[in-house]
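Enquirer: For reference, the structure I am asking about is given below.
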Amino acid sequence: MPVVSTRVGGIPEAVRDGASGYLVDPADPAALADALVDLLADPGRRARWGVAGRAHVSEHFSIQGMLDRTEAAYT
């Protein structure tokens, strides 16, 4: 699923704004609502961004990737 979230913490690492979801500024409910309405109005974009988001997370946040980075840190 595509994501609509705010630019806080580690969220921008996981969500690519305009490619797998929308990132809006914190405390901007109008921007959040606009992003949600935009995605609701475009089923094709939701599908594309959902696939792109899953691919991004699988590539950058897999368990194997985490294990590899942890092992590298200790060696």
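The values are calculated or read from the model by the stated rules, or taken from the named source; none is laboratory data. Not measured: the values here are computed from a predicted model. Cβ: placed from backbone, ideal geometry, glycine included. Neighbour counts: every protein chain shown. For accessibility, only protein heavy atoms count, side chains too; no ligands or nucleic acids. Shrake-Rupley method; radii C 1.70, N 1.55, O 1.52, S 1.80 Å.
Enquirer: In whole angstrom, how long is each semi-axis of the equivalent ellipsoid of the chain, when you take the square root of 5 times every eigenvalue of its Cα gyration tensor and sort them from largest down?
Expert: Values: eigenvalues 163, 49, 6 Å².
Semi-axis lengths for the chain are 29, 16, 6 Å.
Enquirer: Could I ask something else about it? Using modelled amide H (1.01 Å from N, peptide plane; none on Pro or chain starts), what sits under 5 Å from the amide H of T6, excluding residues fewer than 5 places away?
Expert: Sorted by chain and number, the residues that satisfy this are V24.
Enquirer: Also, I was wondering about something else. Applying a 10 Å radius around every beta-carbon, put 53-62, 66-75 in order of their mean neighbour count, most first. Mind showing how you got there, number by number?
Expert: Numbers: 53-62: 12.7, 66-75: 8.5.
Highest-to-lowest ranking by the protection proxy: 53-62, 66-75.
Enquirer: Given only helices, namely DSSP H runs of n ≥ 4 each adding -39500 (n - 2.57), what is the per-residue ellipticity at 222 nm of the chain, to the nearest 500 deg cm²/dmol? It would help to have the intermediate numbers written out before the result.
Expert: Working: 4 runs with 46 residues, N = 75.
Result for the chain: -19000 deg cm²/dmol, rounded to the nearest 500.
Enquirer: Moving to a separate point now. Roll a 1.4 angstrom probe over the protein heavy atoms and tell me the percent of accessible area of the chain that is carbon or sulfur.
Expert: On the way: 3170 of 5190 Å².
Taking all protein chains in place, the chain shows 61 percent carbon and sulfur surface.
Enquirer: Would you kindly derive the ³J(HN,Hα) couplings of segment 47-55 from the backbone phi angles with the Karplus curve 6.51 cos²θ - 1.76 cosθ + 1.60 (θ = phi - 60°), listing them in order in whole Hz, with x for Gly and Pro?
Expert: With coefficients 6.51, -1.76 and 1.60, one gets 5, 4, 5, x, 5, 5, x, 5, 4 Hz.
Enquirer: Pop out the ³J(HN,Hα) list for segment 12-29 in order, Karplus 6.51 cos²θ - 1.76 cosθ + 1.60 with θ = phi - 60°, rounded to Hz; leave Gly and Pro as x.
Expert: x, 6, 8, 10, 8, 4, x, 10, 10, x, 10, 10, 10, 5, x, 6, 10, x
Enquirer: Residues of the chain: accessible area per residue at 1.4 Å, in Å²? Show your work: numbers first, answer last.
Expert: Values: 5190 Å² over 75 residues.
Result: 69 Å² of accessible area for each residue.
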